[in-house]
Structures are given as C-alpha cells and as structure tokens.
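A.B. asks: Would you mind keeping the following structure in view while I ask a few things?
The values are calculated or read from the model by the stated rules, or taken from the named source; none is laboratory data. Being a predicted model, the structure only gives us computed values, none of them experimental. When we count neighbours, we look across all protein chains shown, and the Cβ atoms used for this are built from the backbone with ideal geometry, even at glycine. Note: areas computed on protein heavy atoms with side chains; ligands, DNA, RNA excluded. Shrake-Rupley method; radii C 1.70, N 1.55, O 1.52, S 1.80 Å.
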Amino acid sequence: MAPAGPYQVFDRAAKRLQKDRAVSRDAGVRSRTVDYVRDEVADRMMERLLDIKRKFDTIVDLGSGPGHFSKLLEPEKTRKVIMIDSSEQTLNRDPDEDFDVEVERIHADEENLLDIIPRNTQEAIVSCLSLQWANDLPGVLVQIKEALQPDGLFLAAVFGGDTLFELRTSLQLAEVDREGGISPHVSPMTDTKDISNLLSRAGFTLLTVDVDEVKVAYPSMWELVEDLRDMGESNSVIGRRHFLHRDTLAAASAIYKELHGNEDGSIPATFQVIYMIGWKPAPTQPKPLERGTAQTNLKDVL
C-alpha cells in the first residue's frame with residue numbers, strides 16, 4: 001500500500017485557475033492594478049537580501065508570479081534569476097518587462113521543486129507570497145533545503161494567520177446571523193510561531209523570522225473582495241462554498257464597517273506578512289560555543 005500523501009487543505013488546481021483568470025481578465029490590466037501588496041512585500045524582501053553581503057550567480061524565485069521580486073534584482077546581486085510558477089499565464093504576464101539580470105522562466109508546480117531543480121545546485125532560493133498555498137509546507141521546505149548548496153540562502157515571505165482578520169470575522173458574524181452557521185471563506189494561513197519550528201525541522205540553520213503588516217484602506221468590503229479576486233487570492237480551501245447569498249454579503253459589509261471602519265468612512269484590510277531567512281548547514285558557518293566555555297562573567301557585563 002502506498003504511503004498517504006500530505007493532508008490536502010487547498011485545491012491547487014483551483015488556485016492555478018484563479019491566478020490564470022485574474023491575469024486573463026481585461027488583458028491583465030486589472031491584475032497589474034492590484035500588484036500593490038506583492039510589490040510592497042517584494043520591496044521589503046529586497047531590503048533583507050541587500051543586508052546579506054554576498055553576490056549570487058543564480059537566484060531561484062519560487063512562485064514568482066510575473067516577477068514582483070525578480071524585477072528588483074540588479075547585476076551587483078546576481079547574474080541570473082530562475083522564475084518558477086504553477087500558473088503559466090501569471091508567469092508570462094509581462095513578457096516585455098525590463099529586467100536588469102538574465103531571466104529564465106519555468107512553468108512548474110512549486111510543491112515539486114526537486115522535479116525541476118537538482119539537489120545541491122542553488123546558491124539562493126526566494127519566495128514572495130506563494131508558499132502559504134502549499135498543502136505540504138514542511139515537505140516544500142525540505143525540498144528547498146535539498147536544492148540548495150551548502151551555505152545556500154533561503155529567503156521568503158508568506159501571509160500570516162492574522163491576514164484579513166477583519167474580513168474573516170465580518171463574514172462569520174454575518175453568516176451566523178443570516179444562515180445559522182459558518183464555513184471558511186478566507187483561506188487559513190500559517191501561524192507565526194510555527195515558522196521557526198518548520199524551518200528547523202526542514203534542516204535550516206541561522207534562522208531569522210520577523211513579522212510585519214501591510215494595511216490597505218478600501219472604500220468598502222466590495223472593493224476589497226474584488227481586488228482579492230484580481231490578485232488571484234480568492235479562497236481555495238477544499239470543500240469551500242462557491243457562493244454566498246447577497247443579503248449575507250450585504251450584512252457582512254455593514255458589520256465590517258461597524259466593527260473595523262475608519263473615521264473617514266473607509267475600511268482597513270490587514271495583510272500580516274511573515275519574513276523568514278534560513279541557511280543550509282555548512283562546515284564553514286559560525287557555530288555557538290560549547291556550554292561553559294565563555295570567558296566573561298555575565299555579572300561583570302550587567
């Protein structure tokens with residue numbers, strides 16, 4: 001009997017279709033209009049990369065989309081970027097985009113990295129707001145570690161568990177009131193405290209994990225939901241309901257504004273972002289001294 005695969009939370013085929021449709025809508029115009037969240041997170045990821053004083057020959061951008069992060073790379077940091085995405089239309093949305101480094105695009109599932117990238121071959125792998133849709137995140141992290149060379153870098157950002165908490169609570173309250181129960185309409189995200197454990201279990205060392213927020217104001221809940229659709233970030237949980245009654249949505253919009261609304265009449269949406277850095281172990285990396293070998297008494301310092 002074959003071993004059971006990872007528990008399936010997300011419908012990966014539906015997620016790919018959502019991304020394809022988002023790009024094909026209005027010839028990609030709407031998709032480009034809603035790049036603001038990914039572009040902001042890509043900028044913050046680049047700040048972290050620039051703090052690492054090393055030049056890489058090649059960087060793999062896993063779940064790259066059209067290149068939110070890759071387009072920021074400069075020759076002083078790398079010679080080439082390999083962009084990988086499960087949505088071929090998203091990957092090739094901006095064929096005429098000017099990149100400052102050599103670009104290779106590969107259409108492939110991010111969950112099967114080792115099918116396309118050999119082990120121990122990459123100096124750096126990055127991922128900007130893609131891995132939160134992985135069904136087997138621990139397995140993907142292990143594949144990333146295996147694809148890296150010793151002392152290779154992994155840098156990523158994922159949406160955290162508090163992302164869109166305003167929308168989630170408003171929909172739940174409206175659904176209970178109007179329909180007598182709830183179902184998931186905002187996809188579950190990784191909790192902050194789990195990331196360090198997952199990285200350690202995957203075999204990474206010298207870990208850095210921090211959390212930030214991107215807050216965006218919208219005229220109402222309707223504009224937020226429309227932008228999420230155009231981002232390809234609609235709910236893709238297996239077993240999800242494919243529609244909500246109009247009066248339930250109207251109630252959710254009113255609840256959203258009542259509970260979370262800004263003074264100017266707009267509503268806020270919070271995108272919690274978890275940034276992580278890990279390194280594949282290597283003999284040349286610094287290691288902590290053995291316990292009891294310190295030369296300075298802590299009392300003298302304090």
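A.B. asks: Relative contact order of the chain: what whole-number percent is it, with Cα pairs under 8 angstrom and at least 6 residues apart? Let's see the in-between values first.
C.D. replies: On the way: 540 pairs, mean separation 64.7, N = 302.
Computed value for the chain: 21 percent relative contact order.
A.B. asks: Lysines within cross-link reach of Lys77: Cα-Cα under 29 Å, excluding same-chain residues under 8 positions apart?
C.D. replies: Filter leaves Lys53, Lys55, Lys145, Lys280, Lys287.
A.B. asks: Further question: Distance between the C-alpha centers of segment 246-277 and segment 90-118? Whole Å please.
C.D. replies: Cα centres, segment 246-277 to segment 90-118: 34 Å.
A.B. asks: Could you give the length gained by full extension between Thr208 and Arg32, i.e. 0.36 nm per residue of separation minus their alpha carbon distance, to one decimal place?
C.D. replies: Result for the pair: 60.2 nm of gain on full extension.
A.B. asks: Counting each DSSP H run of 4 or more residues in the chain as -39500 (n - 2.57), what helix-only mean residue ellipticity at 222 nm follows after dividing by all residues, to the nearest 500 deg cm²/dmol?
C.D. replies: Values: 10 runs with 104 residues, N = 302.
So the helix-based figure for the chain works out to -10000 deg cm²/dmol.
A.B. asks: Relative to the first principal axis of the alpha-carbon coordinates of the chain, what is the inclination of helix 12-24, with its axis defined by its Cα atoms, in degrees from 0 to 90 and to the nearest 10?
C.D. replies: Its long axis makes an angle of about 70 degrees.
A.B. asks: If you scale each eigenvalue of the Cα gyration tensor by 5 and take the root, what three semi-axes come out for the chain, rounded to whole angstrom and sorted largest first? Let's see the in-between values first.
C.D. replies: Details: eigenvalues 246, 120, 79 Å².
For the chain, the semi-axes come out at 35, 24, 20 Å.
A.B. asks: If one takes the longest principal axis of the Cα atoms in the chain, at what angle in degrees, from 0 to 90 and to the nearest 10, does the Cα axis of helix 246-260 lie?
C.D. replies: 60 degrees
A.B. asks: How large is the charge dipole for the chain, taken about the Cα centre, if only the Cβ atoms of Lys, Arg (+1) and Asp, Glu (-1) carry charge, to the nearest 20 debye?
C.D. replies: The calculated dipole for the chain is roughly 840 debye.
A.B. asks: Taking θ as phi - 60°, what are the ³J(HN,Hα) couplings along segment 170-179 by the Karplus curve (6.51, -1.76, 1.60), each to the nearest whole Hz, with x for Gly and Pro?
C.D. replies: Taking θ as phi minus 60°, the curve returns 5, 5, 5, 5, 5, 5, 4, 5, 9, 10 Hz for segment 170-179.
A.B. asks: Moving to a separate point now. If you take the beta carbon distance between Gln295 and Glu97 as r and set R0 to 51 Å, what does 1/(1 + (r/R0)^6) give as a FRET efficiency, to the nearest 0.05? Let's see the in-between values first.
C.D. replies: Numbers: r = 54 Å, r/R0 = 1.06.
Between Gln295 and Glu97 the formula returns 0.40.
A.B. asks: Once you compute Rg and the Kirkwood Rh from C-alpha atoms, what is the Rg to Rh ratio for segment 79-119?
C.D. replies: Rg/Rh: 0.99.
A.B. asks: Across the Cα atoms of segment 1-145, what radius of gyration and what greatest pairwise Cα-Cα distance (Dmax) are found, in Å?
C.D. replies: Computed over the Cα atoms of segment 1-145, radius of gyration and Dmax are 15.5, 51 Å.
A.B. asks: I've got another one for you. Taking amide hydrogens as modeled 1.01 Å from N in the peptide plane, which residues meet the under 5 Å criterion relative to Ala134, leaving out close sequence neighbours?
C.D. replies: none
A.B. asks: Select from Thr169, Gly203, Leu91 the residue farthest towards the positive end of the dipole of the chain; place +1 on Cβ of Lys and Arg, -1 on Cβ of Asp and Glu, and compute about the Cα centre.
C.D. replies: Value computed over the given set: Gly203.
A.B. asks: Next up: Residues with amide H under 5 Å of Gly67's amide H, sequence separation 5 or more or different chain, H placed in the peptide plane at 1.01 Å from N; which?
C.D. replies: Hits under the 5 Å cutoff: none.
A.B. asks: While we're here: What is the helix-to-structure angle for 36-50, meaning the angle in degrees between its Cα long axis and the longest Cα principal axis of the chain, kept from 0 to 90 and rounded to the nearest 10?
C.D. replies: 10 degrees
A.B. asks: Let me ask something additional. With every protein chain present, what is the per residue accessible area of the chain (1.4 Å probe, Å²)? Can you show the working numbers first?
C.D. replies: Values: 15200 Å² over 302 residues.
Accessible area per residue: 50 Å².
A.B. asks: Mind jotting down a quarter of the surface of the convex hull over the alpha carbons of segment 34-80, in square nanometres, one decimal? Intermediate results must be reported in sequence, preceding the final value.
C.D. replies: Numbers: hull surface 12.9 nm².
Averaging across all directions leaves 3.2 nm² for the Cα convex hull.
A.B. asks: So, one more: Can you run phi through the Karplus equation (6.51, -1.76, 1.60; θ = phi - 60°) for segment 113-128 and list ³J(HN,Hα) in whole Hz, with x for Gly and Pro?
C.D. replies: 4, 6, 6, 10, 10, x, 5, 6, 10, 10, 7, 7, 10, 10, 8, 10
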